[in-house]
Amino acid sequence: MLEIKNLHVKLEDEDKVILKGLSLTVPKGEVHAIMGPNGSGKSTLAYVLAGRDGYEITDGDILWNGESIVEMEPDERAAKGVFLAFQYPMEIPGVAGLTFLRTATNAVRKKRDQAELSTPDFMKLVKDKAAKLKIDYEMLKRPVNVGFSGGEKKRSEILQMAMLEPSLCVLDETDSGLDIDALKVVADGVNALRGPERAMVVITHYQRLLNHIVPDKVHVLADGRIQKSGGKELALELEKSGYAGFTGKAA
Amino acid sequence: MTVQTLNTKAEQAILRSFEDNAAKLPGGKPVAALRRAAIGAFASKGLPSRRVEEFKYTDLKANVKEALPLATGGAVAGDAANPAGAHFGTEFTADAVVFAGGRGVPAKSGQRHFLADANLPAWAAAALEDVDLKVSADLLLNTALFTDGAVIDVPAGAADDAPIVIVSLPAEGRMTALRHVIRIGKGAKATIVEIERAEDGAGARQSSGLTQITIDDDAVVEHIKVVEARKGSLHLSHWQANLGANVTYKPFQLTIGEGLVRNGLNVLFNGQHSTLDHGAASIMHGTGHADSTLVIDHKVPHCTSRELFKTVLDGQARAVFQGRVIVRPDAQKTDGKQMAQALMLSPDAEFDSKPELEIYADDVVCGHGSTAAEIDPDMIFYCMSRGIPAAVARVLLIESFVAEAIEKIEHEGLREALGGIARDSLAA
């Protein structure tokens, strides 16, 4: 279970406060959507969960399965099962996709006291999972994300997620830059990972993604706090009324 | 005109060294005359200082405090089992042309000429006279002092996959000078590897290696150099490449270590529709200094030149990139691009990059870029968010930075060998 308690976050280098007492609980087996206008703190929440530098937690805590993760390095969090699918995945010139996947997969397996995958086992697993995400295997021989289209980058993120078998998946604006076909492929990939042992946080500006990844709960994030929570129908309401009611201005 | 008086100790020692050894240096009367003229020109120029534009960032006059005595062979046994180093298997070394202490070690198969042989072919003797080599003091020095070198003549149409390997093992505490003369026949395909490395032994070495390569029409040549420079050592390398028409020339230079290394490269496009695809990686530690200075001369139309330079610097290491591309008035439709990138692992490292485009033709596409940066913290975060520990992520990213250049090497075995040397150097 993910428990975010009264989380206050500011930028490390400036006095800008972004999260102002955010509280949220996501039990295992559930998918929660976080919707909000631009600048509400959605991406900050994603980065703070993953442990990116540059943010300072001034109050509150983040517990994953009862353990605080706020002092952990990003790689320790990954070993504990935290995975962030980036809104803008990084390009890593010179590192072949397969090398990257293998280094990452075996790094987390080692930390989870699982045996490292042999080359044939790894290849078989990657081929299988890549095919399901309609990722051309040849593409994985190319440097990570270099020259990939928006859709390819997002599918590559979901492939990494599938390989690392996280228990907490955070998807940051996964629908941005996707056409409807790519969106369906990505959503199918995410849905395939839904399960009783896995919690998911789906961050999105638009309701569209939630037609394909149907959430158990929807939360509205505005001005650094969860302003309203509800069922999946809340997303449809927002689609109609916009975020104006939560920010005092049209979004 | 002012005549410069020689006043550095090193310059005087070099002149003495020439006089002491002149009678022993190989070559007949014409070569002796060439040497005499070269040392005379060197005497009036002296070692290049920072006032010479090509040596702006690599002041040899200031850096070379003393000149070591000239090696004339015999002193170094070398690691006979594997003169090329651990990363090169016997497939590379079995037929290698090895020079120890400035003299050719009789080759196992003996199929190639040494420049010091009495029966120097006429084309090679003529090549030594190249006027382009009579300008810069570092090259004049080589002409005056070279004690040996490889003479390699690849016949027209040859297509031997096996690389031609030249290994130089400069002697500890000595100066060595080698001159290699290479001719590639029409339509031939060849891979040439030059390896400059110091055997174990901490002493300083001063070495000069000048390679002249002439490539006839339609030939495809991959030309690789590996320099391992120990602390306190100096290596002055220069390649003079003359390309015919429809040639593909792929030079690659890997420079590692803590010494002072200068890699000069002049490429002359003499025939149309030729391509230069140049890659280089330098990994310098400590107070190492690697200078790559190129002159790419587009004399004729329809030629393409590419340069990709990757440099990794830590400690107080310094790298220099000077890339001068000349596009002559007749060289329309020239396509030239260069990129020099440095990864700075230490705040005390220094990268001096000076791309120069001199374009006299109006219908050309030319560009250059240069970057110097630390490892991108966002990339480290991305790797860590996938469970890769920070230290592993750093190594992965540094290796991948260098690998982008090394991947340009087409010969698979050589790509792996150079990749291994680079990885070892990064781990050092």
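Some observations on this one:
- Mean partner shielding of peptide A:100-111, defined as the number of other chain Cβ atoms within 10 Å of each residue Cβ, is 4.
- Sequence-distant residues sharing a close amide H with residue A:221 (under 5 Å, placed H): A:35, A:36, A:227
- Bridges between two residues of the protein assembly as shown, per DSSP, are antiparallel at a rate of about 15%.
- Cα-based reach from residue B:299 at 13 Å (exclusive), listing aspartates and glutamates while leaving out same-chain residues under 8 positions away: B:330, B:335, B:358
- Taking a ≥ b ≥ c as the square roots of the eigenvalues of the alpha carbon gyration tensor, the protein assembly as shown is prolate, as a/c is not under 1.5 and a/b beats b/c.
- Three-way shape call for chain A based on the alpha-carbon gyration tensor, with the a/c threshold at 1.5: prolate
- Among B:165-171, A:120-126, the order from most to least packed when residues are scored by Cβ within 10 Å on average: B:165-171, A:120-126
- Partner shielding of A:72-80 amounts to 5, given as the average count of beta-carbon atoms from other chains within 10 Å of each residue beta-carbon.
- The residues A:35, A:139, B:339, B:175, when put in order of fewest to most other Cβ atoms within 10 Å, stand as A:139, B:339, B:175, A:35.
- Taking packing as the residue-averaged number of other Cβ atoms within 10 angstrom, the listed peptides A:3-16, B:406-419 run from highest to lowest as B:406-419, A:3-16.
- Between B:312, B:227, B:380, the Cα set farthest toward the positive side of the dipole of the protein assembly as shown (charges on each charged residue's Cβ, about the Cα centre) is that of B:227.
- At q = 0.21 Å⁻¹, base-10 log of I(q)/I(0) for the stretch A:104-251 (Debye sum, equal scatterers on each alpha carbon): -1.34
- Highest mean first, the peptides B:355-363, A:213-221, A:55-63 sorted by other C-beta atoms within 10 Å per residue fall in the order A:213-221, A:55-63, B:355-363.
- Taken about its Cα centre, the protein assembly as shown carries a charge dipole of roughly 240 debye when the Cβ of each Lys and Arg holds +1 and the Cβ of each Asp and Glu holds -1.
- Considering only the stretch B:70-374, percent of DSSP beta bridges that pair antiparallel, nearest 5: 5
- Ordered by the number of other Cβ atoms lying within 10 Å of each residue's own Cβ, fewest first, B:383, A:169, B:366 fall into the sequence B:366, A:169, B:383.
- Within the same chain, aspartates and glutamates fewer than 8 places from residue A:28 are excluded, and of the rest, those with a Cα less than 12 Å from its Cα are A:3, A:197, A:216.
- Legend: residue pairs A:20/A:42; A:129/A:184; B:189/B:225; B:231/B:337; B:9/B:231; A:42/A:154, Cα-Cα distance threshold 24 Å; pairs beyond threshold, B:231/B:337.
- The alpha-carbon of residue B:29 sits under 24 angstrom from the alpha-carbons of these lysines, leaving out residues fewer than 8 places away in its chain: B:134.
- Pairwise centroid distance, computed over Cα atoms, of the stretch A:88-119 with the stretch A:187-251, Å: 31
- Euclidean distance of C-alpha centroids, the stretch A:158-186 and the stretch B:147-190, integer Å: 54
- Centroid-to-centroid separation of the stretch B:26-52 and the stretch B:330-401 [C-alpha atoms, Å]: 38
- Net charge of Cβ neighbours under 12 Å - reference residue A:11; Lys, Arg +1; Asp, Glu -1: -3
- What the Cβ-Cβ distance of residue B:357 and residue B:410 gives, at R0 = 25 Å and to the nearest 0.05, is a FRET efficiency of 0.35.
- Label reach from residue A:165 (point 7 Å along Cα→C-beta): in the stretch A:171-191, amide nitrogens under 19 Å belong to A:189-191.
- Chain B, dipole about Cα centre (Lys/Arg Cβ +1, Asp/Glu Cβ -1), debye to the nearest 20: 1180
- Prolate/oblate/rounded label for the stretch B:14-94 (Cα gyration tensor, a/c 1.5): oblate
- Rg to Rh quotient for the stretch B:70-374, alpha carbon positions, Kirkwood Rh: 0.96
- Selection from B:184, B:113, B:369 lying farthest towards where the dipole of the stretch B:70-374 points positive, charges on Cβ: B:113
We did not get these values from a lab; they are worked out from the coordinates using the rules stated. Computed from a prediction, not measured in an experiment: that's the story for all the values here. All Cβ positions, glycine included, derive from the backbone under ideal geometry; neighbour counts span all protein chains shown.
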